[in-house]
Amino acid sequence: MVSSDFGVLLPRPDDAVVAVDPPGPGSGYWAGAPSAVAADGGVYLAYRLRRPVGSGRGYAVGIAFAADGVHFGAPLAVIAKEELQTESLERPELVRLPGGTWRLYLSCATAGSKHWRVEVTDAAHPAEFDVRHRDVVLPGDPRKRAVKDPVITWHGDRWHMWATIHPLADPDATDQMTTEYATSADGLDWTWQGIALSGRPGEWDSRGTRVTAVRFGGTGPSPVTAYYDGRASAAENYEERTGIALGTDPAALTATSSPGAGPAAESPNHNGGLRYLDLVDLPDGRTRLYYEMAQQDGSHALVTEIR
């Protein structure tokens, strides 16, 4: 594993507690892919619920609130994949807009293909999203590239996005992934800036990299810090582990692990899956981490810890 010499918060799985239980026991039953926002005296959390392939895949996105950031209880809203005419849902992105309203980006699989697109809907409150009123904001290309799992933040008078791209031209390579960077004035009309992070041949992340959280304002020569999921092979799909990347430019991130070194964090259970890490800064100066982590029975729980 890499060390924390770069001044970043690394997950400590032994300190994590479950925030959302898996929807069932065993492999393929996952709660995770979190997107967290601190507001209204607590934390709003959007997350994906999944069953195994053949039993529903990513069947719903939940949105919940917890004053303590841990005990979310019943969700404020549940968005089912049938409402979106999608075969599967993946990581949502929950964003509070500068004017105080809310936006939800939804990663949607196109039925009968490996293609993904991202749709968007706005609401006055996280409990009020109505997906009957939505738009496709990142269409991708059904023949060339799938787009999913956007990470979006407002910084420096513009919106920044890091989105996962899967190539579709080769049917044996659709699990590969890179992260591309884009900017926008309104969070809807995006200008792509190129690949921000990709896998490194021969390393633990060689098969692909998916940025899951980005923080601006770090100290030292690299003010941009990114957390990302990586895997070395197609067999590690669904059990990615977490790495750290740094940069002076959000469009150009560099993995921090040395050649031959492993990821920054992994689960002590099952196949090591620890992925989709997100962070939220709290009013008291602490930071809460959320991530999806493999359990002993092969399911994935959405867990949290505080620093």
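Quick notes on this structure:
- Restricting the first member to the stretch 115-135 and to residues that are among the polar types (S, T, N, Q), and the second to residues that are surrounded by 14 or more Cβ atoms within 10 Å (Cβ to Cβ), the beta-carbon pairs closer than 7 Å and six or more apart or on different chains are 121/104; 121/129; 121/131; 121/134.
- Residues of the stretch 168-204 that turn out to be among the aliphatic types (A, V, I, L, M), farther than 23 Å from residue 241 by Cα and open to solvent by 30 Å² or more (accessible area, probe 1.4 Å), as a count: 3
- Every condition in (1) open to solvent by 50 Å² or more (accessible area, probe 1.4 Å); (2) at pLDDT below 95; (3) closer than 20 Å to residue 267 by Cβ is met by residue 207 except one, and the failing one is (2).
- Highlighted here are the strands (runs of 3 or more DSSP E) found entirely within the stretch 92-161 that include at least 2 residues which are within 22 Å of residue 213 (Cα to Cα) and among the aromatic types (Phe, Trp, Tyr): 102-109.
- Among residues of the stretch 229-255 being part of a strand (DSSP E or B), open to solvent by 20 Å² or more (accessible area, probe 1.4 Å) and not small (Gly, Ala, Ser), the one that is farthest from residue 160 (Cα to Cα) is 241.
- Test: residue in the stretch 143-158 that is of a type in the set (Ser, Thr, Tyr) and free of Cβ contacts under 8 Å to residues at least 60 places away in the same chain: no
- Failed criterion for residue 226 (all others in (1) out of contact with any Leu (no Cβ under 9 Å at 6 or more places or on another chain); (2) open to solvent by less than 20 Å² (accessible area, probe 1.4 Å) hold): (1)
- Scanning the stretch 261-281 for any residue that is outside any loop (DSSP other than H, G, I, E, B) and among the hydroxyl-bearing types (Ser, Thr, Tyr) turns up at least one such residue.
- If the condition is being part of a strand (DSSP E or B) and crowded, with 20+ Cβ neighbours inside 10 Å, then the stretch 282-304 contributes 288, 289, 290, 291, 292, 293, 294, 300, 301, 302, 303, 304.
The values are calculated or read from the model by the stated rules, or taken from the named source; none is laboratory data. All values derive from a computational prediction rather than experimental measurement. Note that we place each Cβ from the backbone using ideal geometry, even for glycine, and neighbour counts take in every protein chain shown. Quick note on the areas: whole protein, heavy atoms, side chains included, nothing else; ligands and nucleic acids left out. Shrake-Rupley method; radii C 1.70, N 1.55, O 1.52, S 1.80 Å.
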